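The values are calculated or read from the model by the stated rules, or taken from the named source; none is laboratory data. Worth saying up front: this structure is predicted, and the values here are computed from it rather than measured. Neighbour counts are summed over all protein chains in view; Cβ atoms, including those assigned to glycine, are modelled from backbone coordinates with ideal geometry.
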């Protein structure tokens, strides 16, 4: 532990700046190197925040992959890719690792534009198998000889896209290697039949006793390539006696495993066998999430993604004094469920992140974690709603991008009363472009029959959720990451009038319609305008759909400038909807839209990105002032 807490000596890591340097190391240097890498990851993430537990679990696996394969010629495709910190360190980015997740620094995920070693960028689960299959087919068509390796987590394997790839794999290529990194978790503990099957493979007592005995014999004796080849063929034959109808062999893949994911020598031997395979092959590797850091080993879900912390104690450095929106959502839903037994909660492998942990404990028969299967979550909710229940689907905004068709076709078209709660709407800072929740308004606001809202604070979120339960139609509520203004939760819930905005500050010639978490910025802008002698009104729209057309029409008769603020892309967003209505009522004044531009927003703090893209009070007040002068 001391190496993680203080300045540590990287005697071996200092010599490794590329995969070629790693391959030149002596065997007895590999385990010490793994510990040095873990120390570097812990020290760095303690300052920058990031995905800690998943990265600590794949150190040896990553080293073995780089010992056996030769990227960027060989293609290593990481599913989700939030576990690529070791890969970055060993592929020429060690000297920049301290910039992890910062503006203009290293991404927390694989990123094609960052390094030629990153064969495929990703931030969402279930992408690696299909992408790797595409690369393998492209290689086959041009007659290439490189290897293509998909590194897939056991949580990602439950995705529908992963099964679709498995279903097509052997019909499209004869050379593809799949490494199944099985740590029995995605963000939360894995659920479903796939997780149970993998658990049975890892835990079969007779097979594992036999395997352990043989591996003890083989460890020092099977050094020759042809002997290792015989060993894995023998293992395959014996395995069939114990593990009938292994899932992956039903898809046509040769299965090897389970393999100790922290034994570098065993990993290298297995990967060498896979490299020479003349048929698609899957290596089932067992790893420990959070390996080497006791706090993460004890609570891998809590340490999946973390902010800055004190490495010695595991104590978070930024302790908020307000409830997070996710906590408000979970507590409110739990209270509502006390008097409404039709309420059920659904999430996709993120019960803690969405605030549903307490609900799951209290109402286990009314809580459903479907794994990383957002599309299934929506269809499942639609079925529940069709039979009279009131399902609430909690998912991060970035992952809700996957459910657009199912929301439109299966929920809105049938007017089923499903409630969608989109956490982490808007910018999420250091997680970067794959995780910013900025597209949801543009994606969903055109869906007929859908009510789309955003609260200004925690109390309003509670009131919106309570109101949504009473509305017999599809509802979607978006809210940002973290906490709001710190308002207390209401003792009783107020009904939110359908389609009615809230006037927070009266004005006449300037009206600012600011969504939710952008209201504090609107107040700052209004103060600056007041200093120029310009009185601005501030509106909390509450409803994106249906928009308060009556209030907006009244503003159109008096205002010379109407400005919209949103924590989302302006193209097709809330401001676009306001513009459309203003055009319909013949508004001739200025309509300014403030939000994020039509591009992928990089990683970085909200303040730093707001400065870069002009979403600050001085910049906005100056622009509105110029318009008013004209």
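Below are the figures for this structure:
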| quantity | calculated |
| --- | --- |
| Unmet requirement for residue 604, which otherwise passes all of (1) out of contact with any strand residue (DSSP E or B) (no Cβ under 6 Å at 6 or more places or on another chain); (2) surrounded by 18 or more Cβ atoms within 10 Å (Cβ to Cβ); (3) not in a loop (DSSP other than H, G, I, E, B) | (3) |
| Residue in segment 53-64 that is under 25 Å from the mean Cα position of the chain (by Cα), within 18 Å of residue 288 (Cα to Cα) and not in a helix (DSSP H, G or I) present | yes |
| Subset of segment 556-587 (residues that are out of contact with any helix residue (DSSP H, G or I) (no Cβ under 9 Å at 6 or more places or on another chain) and closer than 20 Å to residue 506 by Cβ) | 557, 558, 559 |
| Per-region count, segment 448-468, residues in contact with a strand residue (DSSP E or B) (Cβ under 6 Å, 6 or more places away or on another chain) and farther than 22 Å from residue 565 by Cα | 1 |
| Residue match in segment 115-123 (condition: modelled with pLDDT of 95 or more, more than 26 Å from residue 174 (Cα to Cα) and not assigned by TED's automatic domain parsing to the domain that holds residue 372) | yes |
| Which listed residue, of 122, 39, is closer than 24 Å to residue 176 by Cβ and either under 20 Å from the mean Cα position of the chain (by Cα) or not in a loop (DSSP other than H, G, I, E, B) (or both) | 122 |
| Residue ID - nearest to residue 180 (Cα to Cα), chosen from residues in segment 134-153 that are surrounded by fewer than 24 Cβ atoms within 10 Å (Cβ to Cβ) and touching a strand residue (DSSP E or B) at 6+ places or on another chain (Cβ under 8 Å) | 147 |
| Within segment 275-305, tally of residues that are touching a residue at least 24 places away in the same chain (Cβ under 8 Å) and more than 21 Å from residue 34 (Cβ to Cβ) | 11 |
| Any chance residue 338 is within 22 Å of the chain's Cα centre (by Cα) and free of Cβ contacts under 8 Å to residues at least 60 places away in the same chain | no |
| Residue, nearest to residue 352 (Cα to Cα), within segment 303-321, restricted to residues that are more than 22 Å from the chain's Cα centre (by Cα) and surrounded by 16 or more Cβ atoms within 10 Å (Cβ to Cβ) | 314 |
| Candidates 322, 332, filtered to the one that is at pLDDT 95 or above and closer than 20 Å to residue 425 by Cα | 332 |
| Residue under evaluation residue 282, criteria (1) under 21 Å from residue 101 (Cα atoms); (2) in contact with a strand residue (DSSP E or B) (Cβ under 6 Å, 6 or more places away or on another chain), criterion not met | (1) |
| Subset of segment 267-302 (residues that are outside the structural domain of residue 248 (by TED's automatic domain parsing), surrounded by fewer than 19 Cβ atoms within 10 Å (Cβ to Cβ) and not in a helix (DSSP H, G or I)) | 299, 302 |
| Filter result (over 17 Å from residue 121 (Cβ atoms), surrounded by 24 or more Cβ atoms within 10 Å (Cβ to Cβ) and under 13 Å from the mean Cα position of the chain (by Cα)) within segment 429-441 | 437 |
| Residue among 31, 55 that alone is surrounded by fewer than 22 Cβ atoms within 10 Å (Cβ to Cβ), in contact (Cβ under 8 Å) with a residue 24 or more places away in the chain and not assigned by TED's automatic domain parsing to the domain that holds residue 434 | 31 |
| Hey, residue 167 at pLDDT below 95, part of a loop (DSSP other than H, G, I, E, B) and surrounded by fewer than 22 Cβ atoms within 10 Å (Cβ to Cβ) or not | no |
| Every residue from segment 71-100 that is surrounded by 18 or more Cβ atoms within 10 Å (Cβ to Cβ) and farther than 18 Å from residue 37 by Cβ | 74, 75, 77, 79, 80 |
| Residue count for segment 121-138, restricted to those that are over 20 Å from residue 396 (Cβ atoms) and in contact (Cβ under 8 Å) with a residue 40 or more places away in the chain | 6 |
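Conditions tested, residue by residue: (1) closer than 21 Å to residue 266 by Cβ; (2) modelled with pLDDT under 95; (3) in contact with a helix residue (DSSP H, G or I) (Cβ under 7 Å, 6 or more places away or on another chain).
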{"site": "40", "(1), (2), (3)": "no, no, yes"}
{"site": "65", "(1), (2), (3)": "yes, no, yes"}
{"site": "81", "(1), (2), (3)": "no, yes, no"}
{"site": "93", "(1), (2), (3)": "no, no, no"}
{"site": "98", "(1), (2), (3)": "no, no, yes"}
{"site": "106", "(1), (2), (3)": "no, no, yes"}
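Conditions tested, residue by residue: (1) farther than 24 Å from residue 123 by Cβ; (2) crowded, with 18+ Cβ neighbours inside 10 Å; (3) without any contact (Cβ under 8 Å) to a residue 60 or more places away in the chain; (4) touching a strand residue (DSSP E or B) at 6+ places or on another chain (Cβ under 9 Å).
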| site | (1), (2), (3), (4) |
| --- | --- |
| 344 | yes, yes, yes, yes |
| 349 | no, yes, no, yes |
| 361 | yes, no, yes, yes |
| 368 | yes, yes, yes, yes |
| 373 | no, yes, no, no |
| 393 | no, yes, yes, yes |
| 398 | no, yes, no, yes |
| 406 | no, yes, yes, no |
